[in-house]
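See below for the structure under consideration.
The values are calculated or read from the model by the stated rules, or taken from the named source; none is laboratory data. Everything quoted here is computed from the prediction, not taken from an experiment. Note: ideal-geometry Cβ built from the backbone for every residue, glycine included; neighbour counts use all protein chains shown. The protein model used for the area step is the full one, side chains on, heavy atoms only, and it has no ligands, DNA or RNA in it. Shrake-Rupley method; radii C 1.70, N 1.55, O 1.52, S 1.80 Å.
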Amino acid sequence: MIEDTRIKTIADHYGTNRQMYQLAEECSELAVEALHSARKGTTVKIIEEMADVLIMIEQVIYLAGIDKCDIEDCIDYKLGRQITRIKEQKNE
């Protein structure tokens, strides 16, 4: 995950509520660009949108006081669950 003091500076300036809204907006923009990229192939625009979302996620983690270990544990669980599903599909 990103470690950069600028993330905290920006997050502190705007605050939790505003950055939650900004995260939602950036996720929406990424979703639209993902659909475009699925049709046209990966573009610079999707990379920019991914960067925006990652920056906002880091700000919300900081502002909400979320333990990154909790996120990593959740990621590990979800990846394991999906791998299990894939294996089950292959056995059908």
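Descriptive notes on the structure:
- Nitroxide proxy distance, nm - points 7 Å out along Cα→Cβ at H13 and C69: 3.3
- Where the alpha-carbon atoms of the stretch 30-92 are placed on the principal axes, they occupy 40, 38, 13 Å, in descending order.
- Carbon plus sulfur fraction of accessible area for the stretch 28-85, probe 1.4 Å, in percent: 63
- A 1.4 Å probe run over the protein chains yields, for the chain, 76 Å² of accessible area per residue, whole-number rounding.
- Compared with the dominant principal axis of the Cα atoms in the chain, helix 68-90 is inclined by about 20°.
- What the pair-distance distribution of the stretch 1-66 shows, using all Cα-Cα distances binned every 10 Å from zero, is 23, 45, 25, 7 percent.
- Highest to lowest packing among 7-19, 80-92, scored as the average C-beta count within 10 Å: 7-19, 80-92
- Spin-label model distance (nm) - R81 vs V60, 7 Å beyond Cα toward Cβ: 1.8
- Charge tally in the Cβ shell below 13 Å around S37, where Lys, Arg are +1 and Asp, Glu are -1, S37 excluded: -1
- Here the contact order of the chain, divided by its residue count and restricted to Cα pairs under 8 Å and six or more residues apart, works out to 37 percent.
- With a cut-off of 15 Å between beta carbons, the residues surrounding I46 carry a summed charge of -3, where Lys and Arg count +1 and Asp and Glu -1.
- Paramagnetic label zone (point 7 Å from Cα along Cα-to-C-beta, Q89; backbone N under 16 Å) in the stretch 35-75: none
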